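The values are calculated or read from the model by the stated rules, or taken from the named source; none is laboratory data. No experiment lies behind these values; they were computed from the predicted model shown. Positions of Cβ are backbone-derived with ideal geometry, glycine not excepted, and every protein chain shown enters the neighbour counts. Only protein heavy atoms, including side chains, enter the accessible area calculation; ligands, DNA and RNA are left aside. Shrake-Rupley method; radii C 1.70, N 1.55, O 1.52, S 1.80 Å.
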Amino acid sequence: NHSWHHPDDASNFVTKAFIEASVKMGFPRNLDFGQQTLGVGCNEVNAKAGRRCNTAAYLKRVGAYPSAGMSNATSSNAALQVWLDAQANKVVFDSSSGVPVAVGVEFERGGKRIRVRARKEVLLCCGAVMSPALLMLSGIGPADHLDEVGIKLVHSLPGVGRNLTDHLHVPLSYRVPGGVKLHSHTNVCEGSLFVKLDPAAASPDLQVHIGSIFFNPNGFVPDGEGFTLTPTLIHPKSRGEILLRSSDPADKPRILANYLTDVHGYDLQTLVQGLKLVRRIGREMVETLGATEEFPGPTVSTDDEIEAYIRAHVGTTYHPASSCKMGVDPMAVVDTRLRVMGVQRLRVADASVMPMIVGANTNATCVAIGEKVASFIIREHQELPPTLP
C-alpha cells in the first residue's frame with residue numbers, strides 16, 4: 001500500500017474513471033502490479049520527481065553518458081566507452097580451432113570501417129530485430145537463408161530470427177466534452193487492467209491500457225483530445241520471423257510479423273472477446289463522463305464486423321521478443337547463461353532471448369536480463385568477489 005501505487009496518482013480524470021468503471025464491473029483494484037498483475041490500477045513508471053528516466057541511468061552513474069552534442073563518452077575509470085553514430089556490420093570470428101570464437105566486432109563510423117577486438121567476450125544487445133539480424137550478418141543463423149543472401153556460413157543455427165512474438169492491441173477511441181488536458185507528469189498510458197478471459201488460465205490473458213489521448217486507429221496516431229482504451233493480447237500464439245534483405249548491413253532487415261495467423265485462431269478470438277469486454281467498460285465511462293465512442297463506433301456490432309475492425313486496425317505495442325530464444329530445443333539460440341549455441345565468447349542480452357514473451361510490458365524484464373548477464377560475466381571472469389550482487 002505504498003503511496004506511489006495509490007489510484008490517486010492517476011491525476012487525469014479519465015484514468016480514474018477507467019479504474020472505477022472496471023472496479024464497478026467486478027474487477028479487483030490492484031495497488032501494486034509488482035506483486036501480481038491481475039486487476040486494475042495505475043501503472044508503475046520509470047520516473048523521478050515527475051521526469052521520465054530510463055536505463056541511461058546506468059551510464060550516467062559511471063560517467064559514460066554522452067552529453068548533448070557529443071558523440072561519445074568514457075567512464076571515469078576508462079573501463080567503458082560509449083560511441084554513438086556507429087553501424088555494426090558483423091561479429092568477427094576466429095575458427096582456426098574448429099569452433100568459432102567471437103574475437104571482436106566490425107562497424108562503420110564517420111565513413112570509416114573499424115574493428116574492435118574483444119579481450120574476453122562480445123555481447124549483442126540490439127533488440128529482437130537487430131540482434132538476430134547482426135547474428136545472420138555474421139554468419140550465424142539458418143544455413144539456407146544465409147546462402148540465399150550470399151553470406152558465408154560460420155555456424156548453422158536455425159532458430160536465429162524465428163519465433164518472433166509481439167503484443168498486439170486494437171484501439172477504441174473516445175471524445176469527451178471539454179476535452180482531456182494532459183498533466184505535466186503524464187506518461188499518457190497511466191493505467192492498466194489485467195483480466196482472465198479464460199477463467200481456467202493460470203494468469204491474465206488480456207491487458208487493457210487507458211491512454212489519455214485520442215488515438216486515431218488508422219495508424220494509431222494522436223488525433224486531438226480524448227481517451228483511448230486498448231485491449232491487448234499478451235500471450236499471442238502467432239509467430240513471425242526476421243530475415244535479411246541482403247548481405248549489406250545498411251539494408252534494413254525484413255520483419256515478417258505474421259499477426260493473427262495462428263492455426264486455431266486464438267489471437268483473433270481473444271481480441272474479439274477483449275474488445276467486447278472493453279466496450280462494456282467504455283459504456284460505463286461514457287455514462288460517467290458524457291463521452292462518445294468514435295471508434296469502432298455504432299456501425300461495428302456483430303462478430304464479423306468486430307473481426308473486420310480488428311484485422312484493419314490491430315497493431316504492435318512495440319514489444320517484439322523471442323527471436324533468439326533461450327532453451328534446449330533445436331530452435332534455441334542461447335543457453336541459460338545467454339551464450340550463443342555452437343560458438344564461444346558470444347552472448348545475447350535483450351528481449352530476443354525470452355523463450356516466450358512475458359505477459360506484461362517488457363521493459364522491466366529487459367532491465368532484469370541486462371542485470372542478470374552482468375552478474376554472469378562478473379562471476380565467470382572473477383572481476384569482483386562472487387558474493388557481490
### Task
Considering each residue of the range 213-252, count those that are assigned to a strand (DSSP E or B), within 20 Å of Ser352 (Cα to Cα) and out of contact with any helix residue (DSSP H, G or I) (no Cβ under 8 Å at 6 or more places or on another chain), and give that number.
2
#### Entry: Index of the failed condition, Ala360 passing every other in (1) at pLDDT below 95; (2) surrounded by 22 or more Cβ atoms within 10 Å (Cβ to Cβ)
(2)
### Message
As an exercise: evaluate Ala73 against (1) open to solvent by 50 Å² or more (accessible area, probe 1.4 Å); (2) not in a loop (DSSP other than H, G, I, E, B) and give the number of the one condition it does not meet.
### Response
(1)
## Note on the structure
From the option list Gly282, Gly297, Gly274, single residue qualifying as over 20 Å from the mean Cα position of the chain (by Cα) and either in a loop (DSSP other than H, G, I, E, B) or without any contact (Cβ under 8 Å) to a residue 12 or more places away in the chain (or both) is Gly297
### Summary
Pairing a residue in the range 132-144 that is within 16 Å of Asp94 (Cα to Cα) and of a type in the set (S, T, N, Q) with any residue that is open to solvent by less than 10 Å² (accessible area, probe 1.4 Å) and modelled with pLDDT of 95 or more, where Cβ atoms lie under 9 Å and the two sit 6 or more apart in sequence or on different chains, gives Ser138/Val91; Ser138/Ala102; Ser138/Leu346
### Message
Would you confirm, using the coordinates I've provided, whether Asp166 is without any contact (Cβ under 8 Å) to a residue 24 or more places away in the chain and closer than 30 Å to Pro296 by Cβ?
### Response
no
### Task
Only residues that are among the hydroxyl-bearing types (Ser, Thr, Tyr) and either at pLDDT below 95 or touching a Pro at 6+ places or on another chain (Cβ under 6 Å) (or both): list them for the range 213-240, please.
Thr228, Thr230
### Message
Test of understanding: among Gly34, Gly98, which residue is free of Cβ contacts under 8 Å to residues at least 24 places away in the same chain, within 27 Å of the chain's Cα centre (by Cα) and either farther than 30 Å from Glu284 by Cβ or open to solvent by 60 Å² or more (accessible area, probe 1.4 Å) (or both)?
### Response
Gly34
### Query
Can you find a residue in the range 63-70 that is in a strand (DSSP E or B), of a type outside the set (Ser, Thr, Tyr) and exposed (fewer than 15 other Cβ atoms within 10 Å of the Cβ)?
no
### Summary
Residue hits (the range 137-153; crowded, with 21+ Cβ neighbours inside 10 Å and either at negative phi or of a type in the set (S, T, N, Q) (or both)) are Leu137, Ser138, Ile140, Leu146
### Task
Could you list all residues from the range 85-95 that are open to solvent by less than 60 Å² (accessible area, probe 1.4 Å) and in a loop (DSSP other than H, G, I, E, B)?
Ala86
### Query
Among the candidates Leu59, Leu135, Leu123, which residue alone is of a type in the set (A, V, I, L, M, F, W, C) and under 30 Å from His183 (Cα atoms)?
Leu59
### Query
Any idea which of Ile210, Ile151, Ile255 is part of a strand (DSSP E or B), under 28 Å from Asp335 (Cα atoms) and modelled with pLDDT of 95 or more?
Ile255
### Message
Can you confirm whether Leu134 is farther than 17 Å from Ala349 by Cα and either outside any strand (DSSP E or B) or open to solvent by 50 Å² or more (accessible area, probe 1.4 Å) (or both)?
### Response
no
